[in-house]
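Read through the structure below, which is laid out as structure tokens, and then see the notes.
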Amino acid sequence: MTDQPQGHESAPTPEELRKQVEHTPEEDGQTGEALAAKTDVKAQAKEKVAEIKEQAAEKTTHVTGRLREKAGQASQRVKDKTPDPVLDKAAHTAAQVRDTATRAGHLAAENTPAPLREKAVTAATMARANRTPLITAAAALVIFLLMRRNRRHR
């Protein structure tokens, strides 16, 4: 056993007491700051909103990537299952449509008033800037129509 009496600890030295007194204001300040932070509901709400926005952005990026991947896979499946003569005919028809559209565009440009042309240029610029969402929406529509057509034939 020990030689010291149980339940009695030695009294703190004056030096230990000074150190305790010096540390107490710092600890009190830190405690006060922590309490103030906990009671600042507005700041907590802003932090939570920022956190939720970040999570939503991450999920949106993930979902968009998955949609693009699935649309690409579906597009490739459609191309794989479409016979070559049909693909060739579609390419030929697309070229004809482009040529006709180009001629129609030139005619329209020659006969269209200037203010209307400016608005058309603005709309075309916006469409080019948002090309990816427009292509994604078009691909989704094509997939939907093909799936609907396949269900009718079953």
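The values are calculated or read from the model by the stated rules, or taken from the named source; none is laboratory data. Keep in mind that this is a model prediction, so the values were computed, not measured. Every residue, glycine as well, gets a Cβ built from its backbone with ideal geometry; the counts of neighbours run over all protein chains shown. Remember, those area values only see protein heavy atoms, side chains included, never the ligands or the DNA or RNA. Shrake-Rupley method; radii C 1.70, N 1.55, O 1.52, S 1.80 Å.
Mind listing whichever residues of segment 5-57 are at pLDDT 70 or above, assigned to a loop (DSSP other than H, G, I, E, B) and open to solvent by 100 Å² or more (accessible area, probe 1.4 Å)?
Correct list: Ser10 only.
May I ask you to list the residues in segment 46-88 that are among the charged types (D, E, K, R) and under 23 Å from the mean Cα position of the chain (by Cα)?
Lys46, Glu47, Lys48, Glu51, Lys53, Glu54, Glu58, Lys59, Arg66, Arg68, Glu69, Lys70
Are any residues in segment 78-104 open to solvent by 80 Å² or more (accessible area, probe 1.4 Å) and farther than 30 Å from Asn150 by Cα, and if so, which ones?
Result: Asp99, Arg103.
Somewhere in segment 118-128, is a residue exposed (fewer than 10 other Cβ atoms within 10 Å of the Cβ) and within 28 Å of Lys79 (Cβ to Cβ)?
yes
Exactly one of these conditions fails for Leu107: (1) open to solvent by 100 Å² or more (accessible area, probe 1.4 Å); (2) aliphatic (A, V, I, L, M); (3) within 30 Å of the chain's Cα centre (by Cα). Give me its number.
Answer for Leu107: the failing condition is (3).
In segment 60-91, what residues are of a type in the set (Lys, Arg) and over 17 Å from Ile143 (Cβ atoms)?
Lys89, the sole residue that qualifies.
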